[in-house]
1. Tell me which aspartates and glutamates have Cα within less than 16 Å of B:LYS183's Cα, excluding those fewer than 8 residues away on the same chain?
2. How large is the dipole of the protein assembly as shown about the Cα centre if only Lys and Arg carry +1 and Asp and Glu carry -1, each at its Cβ, rounded to the nearest 20 debye?
3. Across peptide B:31-39, how many C-beta atoms of other chains are within 10 Å of each residue C-beta, on average?
4. Roughly how many nanometres apart are two label points built 7 Å out from the Cα toward the Cβ at B:SER109 and B:ASN28?
5. Can you check what the Kirkwood hydrodynamic radius comes to for chain B, Cα pairs only, in Å to one decimal?
6. Could you work out the helix-only [θ] at 222 nm for the protein assembly as shown, with each DSSP H run of four or more residues adding -39,500 (n - 2.57) and the total divided by the number of residues, to the nearest 500 deg cm²/dmol?
7. Taking θ = phi - 60°, what integer Hz values does the Karplus form 6.51 cos²θ - 1.76 cosθ + 1.60 yield along the range B:55-64, in sequence order, with x for Gly and Pro?
8. Can you give the direction-averaged projected area of the convex hull of the alpha-carbon atoms in the range B:2-95, in nm²?
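All of the numbers you see were taken from the coordinates with simple rules; none came from a lab. Just so it is clear, the model here is predicted, and its values are computed rather than measured. Positions of Cβ are backbone-derived with ideal geometry, glycine not excepted, and every protein chain shown enters the neighbour counts.
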Amino acid sequence: MAKLYSEKKVNKMSPKKETINFLLNYSRALRIRTYKNIQFENILN
Amino acid sequence: MEKTEANDAFLVKSYIEGNEQSLSILINRHQHRIYSFIFSKVFDKDVAEDIFQDTFIKVIRTLKRGKYNEEGKFLPWVMRIAHNLVIDHFRKNKRMPKFENSGDFNIFSVLCDSGLNAEKQIIKDQIEADVKELIKELPEDQLEVLVMRIYKDMSFKEISERTGVSINTALGRMRYALINLRKVIEKHNLVLTN
């Protein structure tokens, strides 16, 4: 019985590593520039 | 619990100040909850992946633009963005529904290509070639009427005018042509079906 209840695996759902890496790279590449109260987005590769 | 909230707020502040590592920690910390939440609504891994990505793109842009204020908590705010994107996803699908081939019902059981496949087309061509050879065994007058009727798609009136016989004679020749053709087929024991 102890085995039955203690060895229960909980499958945590998570996104792919590629998605996380993409987001981190996107964040690093994104620059916001403000010119006369207007914000411009730049993606630096 | 409060410690985590404080940590989130600290990490957000640190990220806004330019520390990219803070975002990595935030994503790693909350990815399971956010992804599970999205998946529980859409039940599709690929769609959940897309919505998860769009959610964090929005988070990153808002934080970098300095438009986030730490009034509420970070996680509920991200969850709200994810929730709104899930709603957008369903709205978009409602406007442009797509059929997914899953479960017991197969769309190809009601949709089919009415054209012949390559094998059946070859058989059909073969049968037509055989018939063309067989009709050569018919008497000349019957052959003439059959060719005009079947291959040239002429009416019996046109056939009678062309051949100079009455319509009844043309009809009779056609009838005998078919009877004789059947006899030839039976004699040679041929099977002409597709």
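1. Here the aspartates and glutamates satisfying the reach criterion relative to B:LYS183 are B:ASP130, B:GLU133, B:GLU137.
2. Dipole size: approximately 1320 debye.
3. Across the residues of B:31-39, the mean count of other-chain Cβ atoms within 10 Å is 4.
4. Between B:SER109 and B:ASN28, the simple spin-label model gives 4.9 nm.
5. Computed over Cα pairs of chain B, the Kirkwood hydrodynamic radius comes out at 24.2 Å.
6. The helix contribution divided over the protein assembly as shown gives -20500 deg cm²/dmol.
7. 4, 6, 4, 5, 4, 4, 5, 5, 5, 5
8. So the Cα hull casts an average projection of 6.2 nm².
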